[in-house]
Structure formats: structure tokens, C-alpha cells
1. 5 Å is the cut-off here: which amide hydrogens, built 1.01 Å from N in the peptide plane, fall below it relative to Phe63, excluding neighbours closer than 5 in sequence?
2. Residues of the stretch 91-135: accessible area per residue at 1.4 Å, in Å²?
Amino acid sequence: MGTVLKRWRAITFILFAVACGTVACGSGDVPTSLSDEERSRLVDLLEQESSWIDTPSCQVEVFRQDADTTYGWATCVTAASAPDQEIDQGHSYPFRADGSEVSTPGDGSDYQKNVEKLFPKDLWPAIEQHAVGLP
């Protein structure tokens, strides 16, 4: 029974992550494209931010870059070392990367206030869409 529950939980999380990954950023613009080197650096930073996940593997959607600041959405899950390994840890969240410093709004009652503090107003709808998984 526990194995079935874990599989349903993993399937639900994967479906949620896929839904979030297919959502447009809300502004109608083409999302910012990063070089392979920039994307790798950003993924490394976000994997460090998700250090509570055992061997995290993160995917990144960039909403926008303003000078040294990158705004986007990260989806991090347990890295699978084998095809049959279950995903039992994961987290999706908006992020703001200023150089090598990553800021996230966190969870709880201050989430919306922190989103408004960390992100430009025109990105709030994209963050809301990702947070609730709307297409």
C-alpha cells in the first residue's frame, strides 16, 4: 500500500511539474534564452538552494533578465540514478538570482508580500500561474 501511495504521489508531482513547465510566462513575450554556460551556472545555484533535497536536479524557466538579475521559475526533484527510481522529493518555486545570490519568497503567510518585494509587478501574473499550475 505504501509503494502505491508513493507512486501516486510521484506521478502527481510529475504531472504538476510538467503543467508548470508548459505555462507561458504571461507577458506574451518569448522567454529569455540563456547560453549553455549561463544556464549551467544558474542550475548549479538553484541546486544549492534546494540542498534539502537529496541530490537535486533542477530545471529552469527564465522569465526575464535585467542586467545581472535573472527572474524565473525552478522545478527541482530528486535526481534519478536509475530509470525505476521513484521521485520522492521535489519543490517548485519562483526565484530571483542577483549574480551568485538567489532569493525566493519562501512559504507561508508572507509568500505574496515577498513575491511583491522580490519581483517586478509585470511578472506577478506569471508567478501566480506557475504557482497554481494554470495553462
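1. Excluding prolines and chain starts, which carry no amide H, the hits are Tyr71, Gly72, Trp73.
2. About 55 Å² of surface per residue is accessible.
The values are calculated or read from the model by the stated rules, or taken from the named source; none is laboratory data. No experiment lies behind these values; they were computed from the predicted model shown. The area values use the complete protein model at the heavy-atom level, side chains included, leaving out ligands, DNA and RNA. Shrake-Rupley method; radii C 1.70, N 1.55, O 1.52, S 1.80 Å.
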